[in-house]
Amino acid sequence: MSLSRHVDPDSIIDSLKGMHMSEAGQKHVHTHGGTHHITPYSTRYASEQEISKFKIPEKGAPADAVHQMLKDELDLDGRPNLNLASFVGTYMETHAEQLMFENISKNMSDADEYPAMMQMHSRCVSIIANMWGAQNGEKAIGSATTGSSEAIHLGGLAMKRRWQEKRDREGKDKSKPNIIMGSNAQVALEKFARYFEVEARILPVSEKSRFRLDPELVKKNIDENTIGIFVILGSTYTGHYEPVAEISKILDEYEEKTGVDIPIHVDAASGGFIAPFTHSGAGGPKWDFELPRVKSINVSGHKFGLVYAGVGWIIWRDESYLPKHLIFELHYLGGTEESYTLNFSRPGAQIIAQYFNLIHLGFSGYRSIMENCLSNARLLSKSLEATGWYICVSDVHRKKGVFKFNKDDPVFSKKDETSADYNEGLPVVAFRFSDEFKKELPHLKQETMSNLLRAKQYIIPNYPLPPNEEKIEILRVVVRESMSFDLLDRLITDICQVTQGLIESDSQDLSLLNGSKDSSMEKHVTKGTRHSKGQGKGGNKPMSEGVHRTVC
């Protein structure tokens, strides 16, 4: 959630005094320098109501007037279904919405008060653990969270505490823990390292590694102080799955040589609800708890779990991997509850909606939806490349094992193909201007496409790839369940029309568009000490000397 700062209404008035609108604003009997709402709607109490924006009003306002006022202001937001930047779902079935509304007041922290809801929570944990290959003889344990960010922090903290306990038993120093991740990691992973005082060894990605964590660099950066590896099942940049099995094998070999046991936490924020269902899987025979090295996995229920925002899941392969001293027993709500979360009160309606989806859709339903998303992503990718104007950085539309664009490849293939015929990955289309396009029209900026498509209400971000490859900028579309074939057809048409218009326009006409700045995106710069070993970047501007933007 973005930080917001206090607004002083009087300072706004003072700042307006030097502006050309100030005189008119001061003369207007109602505006007071733009720090109040004016409601023009008739109510049973008043036909005109002035409401303070930044200070609580002395007197409240009628509910219908406030409702209409806020509704009008929210009309300025984009349409959720056209927010193609986000992985978070924007559609649920009517019956699921009804269940959420009926249970919107239920609090997950009140386990004794809402036992039926807590039973559904336990069933979700069991279903998801089984979906991820829970092993016989182990007792998988997990919890709902408010999203993958909280889940990642919980998984990372458990790894850190297990490492500290082991170092204590061995009588070794525990003051310098580190964790490995690629520079394509979503901001939550680096937040964990900073908030919980772990050195983040952020390894650069490259075209050779397909813009994901490079196993060769993992070899060079692990040591006895490494508490674990964050392996991402679905990069937010390009949708690529990181090679969980390959990295697991590297860690197995390292343990054989050194005796150092390094666990894996799989950040499957998006892929955790895709890989189990799609024919393409995760690219290797194993990625989940079938690999002994994988100790914990997280997923966002509000992404491809198909629930509205506000739910994630974290599961450990066995309760022994969750240190007992991190678990709290709560007795003051009428019963005894075990808790391991960063939040206390949190909504229960999303858990009920998740359970609804799991038992309503079943395996075949989820498979149908995920295969359809990937099919639409392939169609969009192939259509963009067929224009000659664009080339895709993502690979889910390329035949299995092919990672380079070939203009002679057919746009359409056999009729009954599935994702198994193509490279595995998220239904993400990351694309850029082709080299030929940039050579012929070097003055056209790719970010202008994002701005022009925004005028058609599409939200399609343009941003640089992770550090080390930041010279490449990409546009990115996330193909969610709500991307119908008709909308996809319209999107392809609009991209082509806008590109053609851009080619035919005078570059000077677009200068204002290119000069606009989006202040809504979260930014962060890492501080700390630089890691001197291998290719790691564990601090001191590890994001290539600049500001890294989250892209999820």
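Below are the figures for this structure:
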quantity	calculated
Yes/no for Met120 being within 17 Å of Leu306 (Cβ to Cβ), touching a residue at least 12 places away in the same chain (Cβ under 8 Å) and more than 24 Å from the chain's Cα centre (by Cα)	yes
Top-ranked residue in segment 400-433 [being basic (Lys, Arg) and surrounded by fewer than 15 Cβ atoms within 10 Å (Cβ to Cβ); ranked as modelled with the lowest pLDDT]	Lys414
Residues being open to solvent by less than 10 Å² (accessible area, probe 1.4 Å), touching a Pro at 6+ places or on another chain (Cβ under 9 Å) and without any contact (Cβ under 8 Å) to a residue 60 or more places away in the chain - total across segment 236-273	3
Matching option when the condition is open to solvent by less than 50 Å² (accessible area, probe 1.4 Å), under 22 Å from the mean Cα position of the chain (by Cα) and more than 23 Å from Ser364 (Cβ to Cβ), among Val294, Val299	Val294
Subset of segment 463-479 that is open to solvent by 40 Å² or more (accessible area, probe 1.4 Å) and modelled with pLDDT of 95 or more - its residue that is nearest to Gln497 (Cα to Cα)	Glu473
Criterion violated by Lys445 - all others in (1) more than 19 Å from Gly501 (Cβ to Cβ); (2) surrounded by 14 or more Cβ atoms within 10 Å (Cβ to Cβ); (3) not polar (S, T, N, Q) satisfied	(1)
Options Phe304, Phe356, Phe363: the member that is within 20 Å of the chain's Cα centre (by Cα) and either part of a helix (DSSP H, G or I) or at pLDDT 95 or above (or both)	Phe304
Residues (over 25 Å from Ile474 (Cα atoms) and either buried (at least 20 other Cβ atoms within 10 Å of the Cβ) or acidic (Asp, Glu) (or both)) located in segment 204-224	Glu216, Val218, Asn221, Ile222, Asp223, Glu224
Complete set of residues in segment 52-67 that are open to solvent by less than 60 Å² (accessible area, probe 1.4 Å) and either polar (S, T, N, Q) or over 27 Å from Asp8 (Cβ atoms) (or both)	Ser52, Pro62
Matching residues, segment 126-180, being over 18 Å from Pro292 (Cβ atoms) and in a loop (DSSP other than H, G, I, E, B)	Thr146, Gly147, Gly171, Lys172, Asp173, Lys174, Ser175, Lys176, Pro177
Residue match in segment 309-317 (condition: under 21 Å from Asn357 (Cβ atoms), crowded, with 24+ Cβ neighbours inside 10 Å and among the basic types (Lys, Arg))	no
Every pair of residues 6+ apart whose Cβ atoms lie under 9 Å, when the first sits in segment 467-491 and is at positive phi while the second is modelled with pLDDT of 95 or more and open to solvent by less than 10 Å² (accessible area, probe 1.4 Å)	Asn468/Ser183; Asn468/Val205
When residues of segment 162-188 are limited to those that are farther than 29 Å from Ile474 by Cβ, touching a residue at least 60 places away in the same chain (Cβ under 8 Å) and touching a strand residue (DSSP E or B) at 6+ places or on another chain (Cβ under 9 Å), the one most open to solvent (accessible area, probe 1.4 Å)	Arg162
Residues that are under 19 Å from Asn298 (Cβ atoms) and either part of a strand (DSSP E or B) or at pLDDT below 85 (or both), drawn from segment 319-337	Ile327
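Residue-by-condition table, conditions (1) surrounded by 15 or more Cβ atoms within 10 Å (Cβ to Cβ); (2) in contact with a Ser or Thr (Cβ under 8 Å, 6 or more places away or on another chain):
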{"residue": "Ile104", "(1), (2)": "no, no"}
{"residue": "Asn107", "(1), (2)": "yes, yes"}
{"residue": "Ala129", "(1), (2)": "yes, no"}
{"residue": "His153", "(1), (2)": "yes, no"}
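The values are calculated or read from the model by the stated rules, or taken from the named source; none is laboratory data. Since this is a predicted model, take the numbers as computed values, not measurements. We place every Cβ from the backbone using ideal geometry, glycine too, and count neighbours over all the protein chains shown. Ligands, DNA and RNA are stripped out before the accessible areas are found, and what is left, the full protein with its side chains, is counted by its heavy atoms. Shrake-Rupley method; radii C 1.70, N 1.55, O 1.52, S 1.80 Å.
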